[in-house]
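Any read-out appearing in this document is the output of simple, stated calculations on the displayed coordinates, not a laboratory observation. Because the structure is a prediction, the values reported are computed rather than measured. Neighbour counts are summed over all protein chains in view; Cβ atoms, including those assigned to glycine, are modelled from backbone coordinates with ideal geometry.
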Amino acid sequence: MASMVFCRGCGKELHESAPICPGCGFVQKQSDPPAAIAVDLPYTLYGLVPWYRREGFALLAFLFLTPIVTIIICLTGPVYYQKKGVVKQYSKIAMVFIVIVQILLEVGVGVICMSPRKGIVELSPDEKYVNLMLGIPLR
């Protein structure tokens with residue numbers, strides 16, 4: 001009877017002599033790769049990557065958090081993603097691109113917010129005093 005083991009990537013049961021998992025493609029037995037091809041990533045499973053270094057958090061930070069969070073994430077270390085069961089990291093060029101886009105977006109929003117608005121009428125000092133006395137907030 002054939003001996004069965006579990007995949008180190010997804011946990012699916014497979015034959016012990018299988019070189020890769022048919023479900024997720026994770027390499028089961030590491031052969032000694034040539035030194036020129038070997039990539040030294042600190043994480044072999046995506047579940048071991050810290051939450052703040054995952055692709056999803058970086059995307060949420062880019063879309064919803066302050067730009068400084070995204071810039072700090074990109075400048076302090078790699079961001080990892082998973083492709084076909086293999087953990088990979090974004091290249092330095094991609095990280096620099098994300099930082100540049102984030103800075104440009106922040107500058108653009110700042111310019112839009114600080115530009116003078118047309119159609120806003122300035123209140124006279126008397127109107128400001130009356131509004132202040134009535135508790136109406138000044139524009």
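Identify all residues within segment 50-85 that are surrounded by fewer than 17 Cβ atoms within 10 Å (Cβ to Cβ) and touching a residue at least 60 places away in the same chain (Cβ under 8 Å); write none if there are none.
Hit for segment 50-85 is LYS84, nothing else.
How many residues, within segment 87-107, are crowded, with 16+ Cβ neighbours inside 10 Å and either farther than 27 Å from LEU45 by Cβ or of a type in the set (A, V, I, L, M, F, W, C) (or both)?
Total satisfying the criteria: 5.
Out of all the residues in segment 65-88, which are over 11 Å from the mean Cα position of the chain (by Cα) and of a type outside the set (A, V, I, L, M)?
THR66, PRO67, THR76, GLY77, GLN82, LYS83, LYS84, GLY85, LYS88
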